[in-house]
1. Looking at region 39-76, which of its residues are without any contact (Cβ under 8 Å) to a residue 12 or more places away in the chain and small (Gly, Ala, Ser)?
2. What tally of residues in region 80-116 results from selecting those that are in contact with a Cys (Cβ under 9 Å, 6 or more places away or on another chain) and of a type outside the set (A, V, I, L, M, F, W, C)?
3. Quick check, is Ala87 free of Cβ contacts under 8 Å to residues at least 12 places away in the same chain and surrounded by fewer than 21 Cβ atoms within 10 Å (Cβ to Cβ)?
4. Looking at region 10-19, can you tell me whether even one residue there is touching an Asp or Glu at 6+ places or on another chain (Cβ under 7 Å), surrounded by fewer than 21 Cβ atoms within 10 Å (Cβ to Cβ), modelled with pLDDT of 95 or more and of a type outside the set (Gly, Ala, Ser)?
5. If a residue must be at pLDDT below 95 and either more than 20 Å from Gly73 (Cα to Cα) or more than 17 Å from the chain's Cα centre (by Cα) (or both), how many such residues does region 97-111 contain?
Amino acid sequence: MTSHRSGPPAICIFDADCGICQSSVRLAGRLGARVDFIGFQAFDFANAPEDLTLERAQSEVVLLAPSGKVFGGAAAVAQILRTSRVAPLGAILDSRLMLPAANVVYSWVARNRSRLPQACGVSPAMESDKGVKVRNTASHE
């Protein structure tokens, strides 16, 4: 996936019931990520690519690139960052040296996300945020 800003945005499917996930979506918006976010609770999996399943979206963040390629976990985060004002950070995270370590950290956070919000000072997802499609405020020029 490239960091240029032409064409349709990628779609990120995340857990709208997760406070950490909601905070991450807000951060991506502040960074100008060119991604549309939707909770897996509201996403229609019927017409999704084979490797984009409800089970996968329940266990990790998933990014559907405009090309149809599906990224999950730390690779999805890297691709989101590549569309933002901190695109070089996304490229570094996506490198052969960093991505394996990022996957380990991401997997641990994902497994423990229900216990982490209070420890990290992140408020749980608000009822009004759950399952709602969030169109990023970044320019879609």
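The values are calculated or read from the model by the stated rules, or taken from the named source; none is laboratory data. These numbers come from a predicted model, not from an experiment. Glycine gets a Cβ as well: all are built from the backbone with ideal geometry, and neighbour counts include every protein chain shown.
1. Result: Ala46, single match.
2. Final tally of qualifying residues: 2.
3. On the way: free of Cβ contacts under 8 Å to residues at least 12 places away in the same chain: no; surrounded by fewer than 21 Cβ atoms within 10 Å (Cβ to Cβ): yes.
In short, no.
4. Yes.
5. 0
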